[in-house]
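These notes are about the structure you will find just below.
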Amino acid sequence: PASLFPRLQNDSWGKQYSHALFKAMSHMLCIGYGQQAPEGMTDVWLTMLSMIVGATCYAMFIGHATALIQSLDSSRRQYQEKYKQVEQYMSFHKLPGDTRQRIHEYYEHRYQGKMFDEENILGELSEPLKEEIINFNCRNLVANMPLFANADPNFVTAMLTKLRFEVFQPGDFIIREGTVGKKMYFIQHGVVSILTKGNKETKLSDGSYFGEICLLTRGRRTASVRADTYCRLYSLSVDNFNEVLEEYPMMRRAFETVAMDRLDRIGEEQPLGPAWSPPRGHSNPAP
């Protein structure tokens, strides 16, 4: 170091190395050759090598820092990238403003600013871990639904693992009368109205379910269901419905009992099988 700064030859080694470090950092972190111009070919080549190494280290630092910042909230970044594609899609098809606003609100309520590949994540876990997570995520649904609260825990787990989360906006028709039903729904949060031919309107809220009549009768929908508020629901397909109830026939009778009561209220007659009285402690989750 003293040879680089002849005036420092008699100074302490601390001062000598401090000035040497300063000169090296001025080459590596600044654009150019630093505070003093190189003298002689050796200094020129050492200075160029120092600047190349410094520029490389600086680029690597910026790259690693950027990757670290992005990885801190990758789910939000994934959501933003996805929604940019949605905006471009809406612009390409020239969708009207009110439709764009409804799509924006749907994404906000459905994903809440974060997006995960939940199906892939759960698929990589062991069955016990998967069941534990699903039971935890659906704990409010189970707590609010008398059908689940009084049922065999194995039945509840079997049902929950086959549910699919869905979100509906106010005014959406979740079910339309006369259509072929392929799903039933469990209400985690929200209020829906059941509309029948006689203009009767029945409200269902948290802890209720609907759409099971069509799955039991294998017919068409007997009423329409409209979302009155933002509704967070879990859907169950007809194939999964029958698969689970084949293992738990007593729960099929519980669904049939509720369905028969609802059909009586709307004046429909559908073959549902033998009537069954709910066990003590079972309460009808729908009005």
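At a glance:
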| quantity | calculated |
| --- | --- |
| Residue ID - modelled with the lowest pLDDT, chosen from residues in region 242-287 that are more than 24 Å from PRO153 (Cα to Cα) and in a helix (DSSP H, G or I) | ILE266 |
| Residues located in region 129-168, provided they are assigned to a strand (DSSP E or B), open to solvent by 20 Å² or more (accessible area, probe 1.4 Å) and not aromatic (Phe, Trp, Tyr) | ARG164, GLU166 |
| Residue satisfying all of: in region 98-127; of a type outside the set (D, E, K, R) and in contact (Cβ under 8 Å) with a residue 24 or more places away in the chain; most open to solvent (accessible area, probe 1.4 Å) among these | PHE116 |
| Selected residue (criterion: modelled with the lowest pLDDT) from residues of region 37-50 that are more than 18 Å from MET60 (Cα to Cα) and surrounded by 13 or more Cβ atoms within 10 Å (Cβ to Cβ) | PRO38 |
| Considering residues of region 169-187 that are in contact with a Phe, Trp or Tyr (Cβ under 9 Å, 6 or more places away or on another chain) and open to solvent by less than 30 Å² (accessible area, probe 1.4 Å) only, the residue nearest to TYR106 (Cα to Cα) | GLN169 |
| Where a residue in region 83-97 is more than 14 Å from TYR107 (Cα to Cα) and its partner, wherever it lies, is open to solvent by 90 Å² or more (accessible area, probe 1.4 Å) and assigned to a helix (DSSP H, G or I), with Cβ under 9 Å and at least six apart | LEU95/TYR89 |
| Subset of region 225-241 (residues that are open to solvent by less than 20 Å² (accessible area, probe 1.4 Å) and either modelled with pLDDT under 90 or out of contact with any Pro (no Cβ under 7 Å at 6 or more places or on another chain) (or both)) | VAL225, CYS231, LEU233, SER235, LEU236, PHE241 |
| GLU87 open to solvent by 70 Å² or more (accessible area, probe 1.4 Å), modelled with pLDDT of 95 or more, part of a helix (DSSP H, G or I) and within 30 Å of GLU166 (Cα to Cα) | yes |
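The values are calculated or read from the model by the stated rules, or taken from the named source; none is laboratory data. Everything numeric in this text was worked out from a predicted model, so none of it was measured. No Cβ is skipped: glycine too gets one built from the backbone with ideal geometry, and neighbour counts run over all protein chains shown. Side chains are part of the model used for accessible areas, which takes the heavy atoms of the whole protein and leaves out ligands, DNA and RNA. Shrake-Rupley method; radii C 1.70, N 1.55, O 1.52, S 1.80 Å.
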